[in-house]
Amino acid sequence: MAKAKVLLVDDDEGFLRATSLILRQAGFEVATAVDGRSGLAAAREHRPDVAVLDVIMHRPDEGFALARALRSDDELGATKLLLLTAVAQQYQMLFEPDEQWLPVEKVLEKPVSPERLVQEIEAVLDRAGKED
């Protein structure tokens, strides 16, 4: 069986290195990007099953914009999206997925344990497999 592909998009390169290692050890194929533009390019190149997006990168809403761009792309629209953010802690704002503003499967608060991130990715993939 082919490994599921995960794209990590975050401007924290330490997070990308550490999380990539953890996800590879869990059996995933991993690609990374440091911002929304390179994230969209990486998604087009690697065709991930799941993309894990940070919210605040170069712009405060970059992750939101990337989620909407991926969801509206004819070839990438089925990519499962997880939003990983510390926005609620920093700004006392809570976000819930919705079809227009935040078209993601789940919003996770940083910091998230490696175990939980792996569990959430597997859960999203499992639900996607049952929908097929």
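The values are calculated or read from the model by the stated rules, or taken from the named source; none is laboratory data. The structure presented is a predicted model; accordingly, all values stated were derived computationally and were not measured. Counting neighbours? That spans all protein chains shown, and the Cβs are built from the backbone with ideal geometry, glycine included.
The table below gives the values:
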item: Yes/no for Pro103 being assigned to a loop (DSSP other than H, G, I, E, B), within 12 Å of the chain's Cα centre (by Cα), at pLDDT 95 or above and not β-branched (Val, Ile, Thr); result: no
item: Residue list for the range 69-88, filter: out of contact with any strand residue (DSSP E or B) (no Cβ under 8 Å at 6 or more places or on another chain), surrounded by 14 or more Cβ atoms within 10 Å (Cβ to Cβ) and not small (Gly, Ala, Ser); result: Asp73, Leu76, Val87
item: Of the criteria (1) part of a helix (DSSP H, G or I); (2) in contact with a strand residue (DSSP E or B) (Cβ under 9 Å, 6 or more places away or on another chain); (3) at pLDDT 90 or above; (4) farther than 20 Å from Lys3 by Cα, which one Arg37 fails; result: (2)
item: Members of the range 106-129 that are at pLDDT below 90 and in a helix (DSSP H, G or I); result: Pro114, Arg127, Ala128, Gly129
item: Single residue of Leu16, Leu81 found to be within 21 Å of Ala128 (Cβ to Cβ), of a type in the set (A, V, I, L, M, F, W, C) and under 14 Å from the mean Cα position of the chain (by Cα); result: Leu81
item: Criterion violated by Gly27 - all others in (1) buried (at least 16 other Cβ atoms within 10 Å of the Cβ); (2) of a type in the set (Gly, Ala, Ser); (3) at positive phi satisfied; result: (1)
item: Of all residues in the range 40-60 being touching a residue at least 60 places away in the same chain (Cβ under 8 Å) and either of a type in the set (A, V, I, L, M) or surrounded by fewer than 17 Cβ atoms within 10 Å (Cβ to Cβ) (or both), the one that is farthest from Leu82 (Cα to Cα); result: Val50
item: For Ile56: the one exception among (1) in contact with a helix residue (DSSP H, G or I) (Cβ under 8 Å, 6 or more places away or on another chain); (2) β-branched (Val, Ile, Thr); (3) modelled with pLDDT under 95; (4) not in a loop (DSSP other than H, G, I, E, B); result: (4)
item: Filtered residues of the range 59-85 (kept if within 17 Å of Lys106 (Cα to Cα) and part of a loop (DSSP other than H, G, I, E, B)); result: Asp61, Gly77, Ala78, Thr79
